[in-house]
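Contents: one structure, followed by commentary.
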Ligand code: FES
């Protein structure tokens, strides 16, 4: 039995019909076509699925979609575009921040925003990037 969930993602309202308890990452990727959040561990450990919920970094792989109702969800797509990247995305491009080659770069950009500094990252490259230019931009 499906239920309708009302979401605000990257500034746009969406009504999606999903099975109760569906994790937010599946709705973002499968229902809304937003592939910025990646499925990595599925255990709230790697950060590949990171999105912002009211400006706070959360792991969408362990968040039931119902918990996102009434909150503003921001994915990497909500920060900027290829033609007009967010300054923080541009800083990652300028510094060729490829990190460890896994999709954690996406979460590192989201985690680098002000207010998200206390969030731990398991990736050493992410921590290095956060302590250099990209982080300086967010202060
Ligand atoms: S997929 Fe690893 S923390 Fe969500």
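State which residue is nearest to the ligand (Cβ to nearest atom) when the search covers only the range 63-80 and only residues that are touching a strand residue (DSSP E or B) at 6+ places or on another chain (Cβ under 7 Å) and part of a loop (DSSP other than H, G, I, E, B).
Going through the qualifying residues, I end up with 63.
Using the structure shown, decide if residue 53 is within 14 Å of the ligand (Cβ to nearest atom) and modelled with pLDDT of 95 or more.
yes
Using beta carbons and a limit of 9 Å, which pairs, at least six apart or on different chains, have the first residue in the range 45-62 and touching a residue at least 60 places away in the same chain (Cβ under 8 Å) and the second one within 6 Å of the ligand (Cβ to nearest atom) and not in a loop (DSSP other than H, G, I, E, B)?
Going by the 9 Å Cβ cut-off, the qualifying pairs are 45/59; 46/59; 47/59; 50/59.
Within the range 101-122, is there a residue that is surrounded by 16 or more Cβ atoms within 10 Å (Cβ to Cβ), part of a loop (DSSP other than H, G, I, E, B) and modelled with pLDDT of 70 or more?
Taking every residue of the range 101-122 in turn, none turns out to be surrounded by 16 or more Cβ atoms within 10 Å (Cβ to Cβ), part of a loop (DSSP other than H, G, I, E, B) and modelled with pLDDT of 70 or more.
Collect the residues in the range 12-31 that are touching a residue at least 24 places away in the same chain (Cβ under 8 Å) and part of a loop (DSSP other than H, G, I, E, B), keeping them in residue-number order.
Correct list: 20, 21, 22.
Could you please let me know if residue 66 is modelled with pLDDT of 95 or more and exposed (fewer than 13 other Cβ atoms within 10 Å of the Cβ)?
Considered against the rule, which asks whether it is modelled with pLDDT of 95 or more and exposed (fewer than 13 other Cβ atoms within 10 Å of the Cβ), residue 66 comes out as no.
When the residues of the range 24-48 are filtered to those that are at pLDDT 95 or above and crowded, with 22+ Cβ neighbours inside 10 Å, which remaining residue is nearest to the ligand (Cβ to nearest atom)?
Here the residue is 25.
Only one residue in 14, 59 is surrounded by 21 or more Cβ atoms within 10 Å (Cβ to Cβ) and in contact with a helix residue (DSSP H, G or I) (Cβ under 9 Å, 6 or more places away or on another chain), so which one is that?
59
On the basis of being surrounded by fewer than 21 Cβ atoms within 10 Å (Cβ to Cβ), more than 16 Å from the ligand (Cβ to nearest atom) and at pLDDT below 95, does residue 20 make the cut?
No.
The values are calculated or read from the model by the stated rules, or taken from the named source; none is laboratory data. None of these values were measured; they are calculated from a predicted model. All Cβ positions, glycine included, derive from the backbone under ideal geometry; neighbour counts span all protein chains shown.
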